[in-house]
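Please read the structure below before turning to the comments.
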Amino acid sequence: MKTEQPNHSIIEVIEFCRENNLPADVVGRWVWVNFTTKPSAEIRQSMKDYGFRWSSRRGEWAHNCGHPTTRGRCMPRVKYGAVPVSKVDMADVA
């Protein structure tokens, strides 16, 4: 049985990433997290609980921030660019 996933806005997801010092980027209307080494089980569970999902195809964690989409063929970072959450101006994403 599929459980209902949390529906967080992009602002909430950015704040979650900042609070947890996650190496995250805003890519289009999604937030992607790419670790250089496997994060602890605690961090992974926290991300899952917040609505992040592991993309084995891309090797990154992703949160759709309430904007689901079908499986795409493009590389989102190439198509939309990526901005580290630490450099995002919250007024620009509101």
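Coordinate-derived values only; no laboratory data. Keep in mind that what you see is a predicted model, and the values were worked out from it rather than measured. Note that each Cβ is placed from the backbone with ideal geometry, even for glycine, and that neighbours are counted across all protein chains shown.
With no solvent and one point on each alpha carbon, what is the Debye value of log10 I(q)/I(0) for segment 20-74 at q = 0.13, 0.19, 0.21, 0.22 Å⁻¹?
-0.31, -0.66, -0.80, -0.88
Tell me, rounded to the nearest percent, the portion of alpha carbon pairs in segment 49-89 spaced more than 11 Å apart.
Details: 628 of 820 pairs.
Tail fraction, whole percent: 77.
Students often forget the sequence filter, so: which aspartates and glutamates lie under 17 Å Cα-Cα from residue 38 once same-chain residues fewer than 8 apart are removed?
Result set, ordered by chain and number: 60.
How much net charge surrounds residue 82 when only other residues with a Cβ under 13 Å from its Cβ are counted (Lys, Arg +1; Asp, Glu -1)? Walk me through the intermediate numbers first.
Numbers: positive: 29, 58, 77, 79, 87; negative: 25, 60.
Around residue 82, the charge tally is +3.
Determine the sum of side-chain charges near residue 13: Lys and Arg each +1, Asp and Glu each -1, restricted to other residues whose C-beta is under 12 angstrom from that of residue 13. Could you put the intermediate results ahead of the total?
Values: positive: 18, 29; negative: 12, 15, 19, 25.
Combined, the nearby Lys, Arg, Asp and Glu give -2.
Compute log10 of I(q)/I(0) for the chain with the Debye formula, placing one identical point scatterer on every Cα and leaving out solvent, at q = 0.13, 0.14, 0.23, 0.24 Å⁻¹, to two decimals.
Debye intensities relative to I(0), on a log10 scale: -0.41, -0.48, -1.36, -1.48.
Mean residue ellipticity at 222 nm from the helices of the chain, using -39,500 (n - 2.57) per DSSP H segment of n ≥ 4 over the full residue count, to the nearest 500 deg cm²/dmol?
Working: 4 runs with 29 residues, N = 94.
Taking each H run of at least 4 residues, the total per residue is -8000 deg cm²/dmol.
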